[in-house]
Amino acid sequence: MLSATARLIRLLSLFQAQRSWNGADLAARLEITGRTLRRDVDRLRSLGYTVDSTSGVAGGYRLGAGTALPPLLLEDEEAIAVALGLGNPANAEGDIETASMRALAKLEQLMPPPLRRRLDSVRASVVPVMRSKSPVRLKAVSFLAQACTDRLALRFGYRNHHDATTERSVEPHRVVQTGHRWYLLAWDTVREDWRTFRLDRIVGAEATGARFTPRRLPHGDVASYMEHALQVSPYLHHATVVVHAPPGALEAYLGWVGGVPEPIGDHATRITTGANSLDALAVWLGCLPHDVEVESPKELADHLALVAARLGKAAQRPPSHRKR
C-alpha cells in the first residue's frame with residue numbers, strides 16, 4: 001500500500017488527468033477505502049487546494065480553482081518533451097526566450113538526477129536548425145490572444161515588405177505560430193476580407209472598445225486556412241489563373257512557386273499563387289506547357305502581353321551584321 005505522502009501525490013496526479021471523479025472510482029484507483037479517501041482529501045484542503053465534493057450514492061470530488069498552484073506532476077517522457085520545448089521556444093528571442101529559460105530552470109530543479117541526466121543526453125543529440133529568430137514579444141502575443149478570446153476589435157499600423165506602414169482595423173480571430181513566425185489571423189474590416197499579419201510587423205496595436213461576432217473561416221479550420229494563406233500571402237503580387245490541364249500534370253511546375261491548385265472538372269486547374277514581381281509570374285506561366293487564362297489581376301495580363309511582344313521580337317531572325 002502507498003504511504004500517505006505517495007497517495008497525496010498520486011491523488012493530485014489523478015485530478016490533473018481528470019478534474020472530476022466519482023468517489024468510489026477514485027478510491028478504487030488508489031486502492032483505499034472511502035474513509036481514507038476522505039481523509040486524504042481533507043489533507044489536500046489543509047495544504048491550500050480547493051477540492052469540492054458532492055454527497056449521495058453518486059457523490060464525488062472535483063479539483064477546483066485554489067489559491068496555491070499544484071506541483072508539476074509529469075511522466076518522464078512528458079517532462080523531457082516540455083523541457084525541449086522550453087529550451088527552443090520557436091527560436092524566439094527577447095522576453096519570450098527569457099520566460100522560457102526561467103521556466104526551464106525551475107523544471108530542471110524538480111527533476112530527479114537520473115531524469116536530468118537523460119534530458120542532458122537528449123539535448124546533446126538534438127540540434128534544432130532555424131533560419132532566424134522571431135523578435136515577437138510575449139506581451140504582444142498575450143495582448144492579441146486576449147483580444148481574440150474577448151472578441152475585441154483592434155487597430156494598428158502594419159509594415160509591408162517595403163517598410164511602408166498602413167493603418168489597419170481588424171476583428172482578431174487567432175494567433176498562429178508556424179515555425180519561427182507568429183501571425184495574427186483576422187478579418188480586415190476596411191478591405192472586407194481575411195488577412196494574415198506577421199506579429200513582428202504590427203505597430204502600436206490597441207483595442208477600439210468595440211466587440212464583434214466571430215465570422216466563419218472560408219477554408220474550414222485555422223490550420224487549413226493558414227496552410228492555404230501562407231503559400232500566397234508573403235508575396236507582393238498575387239494572381240489567380242486557370243491552366244487547361246489536370247492538377248496531376250502540373251505537379252512538376254507547382255514546386256516553382258507557392259500555389260494552391262483547385263481542380264475544375266477533369267481537364268482544368270485553378271491556381272492561386274504569388275511572387276515578388278510580375279516578371280517572376282510571367283516566367284512561370286510562360287514555362288507551363290499548357291494554355292493559361294489569367295483571372296486576376298489585370299496588371300498581370302497586361303504584363304504578359306508586354307513580355308509576349310518582347311519575346312516575339314527576340315524570336316525573329318536577327319539581321320546579319322557584317323564587320324567593317
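The values are calculated or read from the model by the stated rules, or taken from the named source; none is laboratory data. These figures come from a predicted structure and were not determined experimentally. Cβ placement follows ideal geometry from the backbone for every residue including glycine, while neighbour counts extend to all protein chains displayed.
So which strands (runs of 3 or more DSSP E) stay within the range 246-301 end to end and still have 3 or more residues that are modelled with pLDDT under 85? Let's see the steps before the verdict.
Working: elements: 258-264, 268-275, 292-296.
Ranges flagged: 258-264, 268-275.
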## Note on the structure
Subset of the range 273-297, residues surrounded by fewer than 18 Cβ atoms within 10 Å (Cβ to Cβ) and farther than 14 Å from residue 242 by Cα, comes to 276, 277, 279, 280, 283, 287
### Message
Return the residues of the range 182-224 that are assigned to a strand (DSSP E or B) and among the polar types (S, T, N, Q); say none if nothing qualifies.
### Response
196, 208
### Message
Tell me whether the range 209-228 contains one or more residues that are modelled with pLDDT of 90 or more and surrounded by 17 or more Cβ atoms within 10 Å (Cβ to Cβ).
### Response
no
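Taking the stated definitions as given, is residue 169 part of a strand (DSSP E or B), assigned by TED's automatic domain parsing to the domain that holds residue 208 and among the hydroxyl-bearing types (Ser, Thr, Tyr)? Quick ask: steps written out before the conclusion?
Values: part of a strand (DSSP E or B): yes; assigned by TED's automatic domain parsing to the domain that holds residue 208: yes; among the hydroxyl-bearing types (Ser, Thr, Tyr): yes.
Yes; evaluated as a whole, the condition is true for this residue.
Of the residues 126, 175, which is touching a helix residue (DSSP H, G or I) at 6+ places or on another chain (Cβ under 6 Å) and at pLDDT below 90? It would help to see each step written out before you state the result.
Details: 126 fails: touching a helix residue (DSSP H, G or I) at 6+ places or on another chain (Cβ under 6 Å).
Exactly one residue qualifies, and that residue is 175.
Quick grid of which residues meet (1) within 23 Å of residue 277 (Cβ to Cβ); (2) among the basic types (Lys, Arg); (3) more than 12 Å from the chain's Cα centre (by Cα):
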position	(1), (2), (3)
153	no, no, yes
158	yes, no, yes
170	no, no, yes
182	no, no, no
185	no, no, no
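Does residue 37 qualify as being modelled with pLDDT of 90 or more, touching a strand residue (DSSP E or B) at 6+ places or on another chain (Cβ under 9 Å), surrounded by 13 or more Cβ atoms within 10 Å (Cβ to Cβ) and assigned by TED's automatic domain parsing to the domain that holds residue 53? Write out each step before concluding.
Working: modelled with pLDDT of 90 or more: yes; touching a strand residue (DSSP E or B) at 6+ places or on another chain (Cβ under 9 Å): yes; surrounded by 13 or more Cβ atoms within 10 Å (Cβ to Cβ): yes; assigned by TED's automatic domain parsing to the domain that holds residue 53: yes.
Against the criterion (modelled with pLDDT of 90 or more, touching a strand residue (DSSP E or B) at 6+ places or on another chain (Cβ under 9 Å), surrounded by 13 or more Cβ atoms within 10 Å (Cβ to Cβ) and assigned by TED's automatic domain parsing to the domain that holds residue 53), residue 37 qualifies.
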